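Readers should treat all values here as calculations from the given coordinates under stated rules, not as data from a laboratory. Quantities reported herein were computed from a predicted structural model and do not represent experimental measurements. For neighbour counting, all protein chains shown are included, and Cβ atoms are generated from backbone atoms with ideal geometry for every residue, glycine included.
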Amino acid sequence: MAVDRILAVFLDGVGLGDDDPARNPFAAPDSTPFLAKLLGGARLLRDAAGISTDRATLTGLDATLGLGGLPQSGTGQTAILTGTNAAAHIGGHDGPYPNTALKSLLATESVFQKLQATGRPVAFANAYPDRFLKRLGRGTGRLSANARAALSAGLMLRGWDNLRRGEAVSALLTNRYWREWGYDAPLLSGAEAGAQLAQLSQNFSLTFFEMWYTDVVGHKQKAADAAALLSLLDDFFAGIVGAVDLARTLVLVFSDHGNMEDLSTRKHTRAPALCLAIGAAHSEISALDSLTDIAPFMLSQLA
């Protein structure tokens, strides 16, 4: 069944790990109560992959792309957005930022490009501070593969004016850092940030939001920071779900590789990457096996 719109939330560095609270913050009984309720009590763990309720479906995706070594963001995100095995394309996992070969692939094959070409409106919802956008204008800014693909497809990279009008969302959700940078930004709860993203998504076929801090927290290995972030994200998803029409909207949450699910290591992992679908056609993600399946799936749903 095709859907009217997709709200895609990308969480960098989140795999489905083991039921071990000593290593995995997702294994704590109260880690994500709202999402657990959607999944019939299940948490975001490896053993829960395949669970499907009347509202949501959870699965894990192969992030290794058939290669040895540890998956990386540059190749993982490129594979997600293009449906191409980016690691095989360049001969190995690479990141965090896309190299020249990956940039070329993103410029021609991304789901953003393909939807724009068919007249489907697409939004990249992240807000960037003025200093970052100025560096980008000078050619000195670095972009993730997700943001690089958006820019290559002609999408607007949103800034302060968009954020203050509620037309963008801070990558860290609450706007606290914007206030520390001198902007008169309203402080938001996680739920309010989710509702703001949901409202923005009403005007687009695909709305894409990137959360990179999950990967940062995984690298830091601090359990308290991980628990606080999961609580914030759980509220964020509650805000999204409470503000969208789930009969017409598919909320699709996915990652590029494992990391935050195993705080015993600073490195990425080879765990299955998180893929969670909520709302319209959610059960159809059960057929997905790899990062390369996400873009074709989104295109088919919006056909």
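Some notes on this structure:
- Here the Kirkwood formula, the inverse mean of 1/r across different C-alpha pairs, assigns region 1-89 a hydrodynamic radius of 15.0 Å.
- Once both labels are positioned 7 Å from their Cα atoms along Cα-to-Cβ, the gap between Asn99 and Arg179 label points is 4.3 nm.
- GNM flexibility winner over the chain from Gly279, Gly91, Gly166 (Cα, springs under 10 Å): Gly91
- Global geometry of region 206-303, whether rounded, prolate or oblate, following the gyration tensor of its Cα atoms and the 1.5 cut on a/c: oblate
- Residue-averaged [θ]222 nm for the chain, counting only DSSP H segments that reach four residues, each worth -39500 (n - 2.57): -10500 deg cm²/dmol
- Residue of Phe26, Phe204, Phe254 that the Gaussian network model of the chain assigns the largest fluctuation, springs spanning Cα pairs under 10 Å: Phe204
- Amide H contacts under 5 Å for Gly17: Arg46, restricted to partners 5 or more places along the chain or on a different chain, H placed in the peptide plane at 1.01 Å from N.
- For Cys275, the residues whose amide H sits under 5 Å from its own are Thr59, Leu61, ignoring neighbours fewer than 5 places away on the same chain, with H placed 1.01 Å from N.
- Kirkwood-based Rg to Rh ratio, the chain, C-alpha trace: 0.93
- Kyte-Doolittle at least -1.0, axis length at least 20 Å by Cα - qualifying DSSP helices, the chain: 223-243
- Computed about its Cα centre, the charge dipole of region 5-301 is approximately 960 debye, with only Lys, Arg, Asp and Glu carrying charge at their Cβ.
- As a rough footprinting exposure proxy, the listed residues Lys267, Lys103, Lys114 were ranked by other beta carbons within 10 Å of their own, and the order from fewest upward is Lys267, Lys103, Lys114.
- Multiplying the residue separation of Asp4 and Asp20 by 0.36 nm and subtracting their alpha-carbon distance yields 1.9 nm.
- When the charge dipole of the chain is built from unit charges on Cβ atoms (+1 for Lys and Arg, -1 for Asp and Glu) and taken about the Cα centre, the candidate among Thr84, Pro129, Gly68 whose Cα reaches farthest toward its positive end is Pro129.
- In the elastic network of the chain, a GNM with C-alpha springs shorter than 10 Å, the most mobile of Gly119, Gly83, Gly17 is Gly119.
- The distance linking region 172-237 with region 18-40 is 19 Å (Cα centroid to Cα centroid, whole angstrom).
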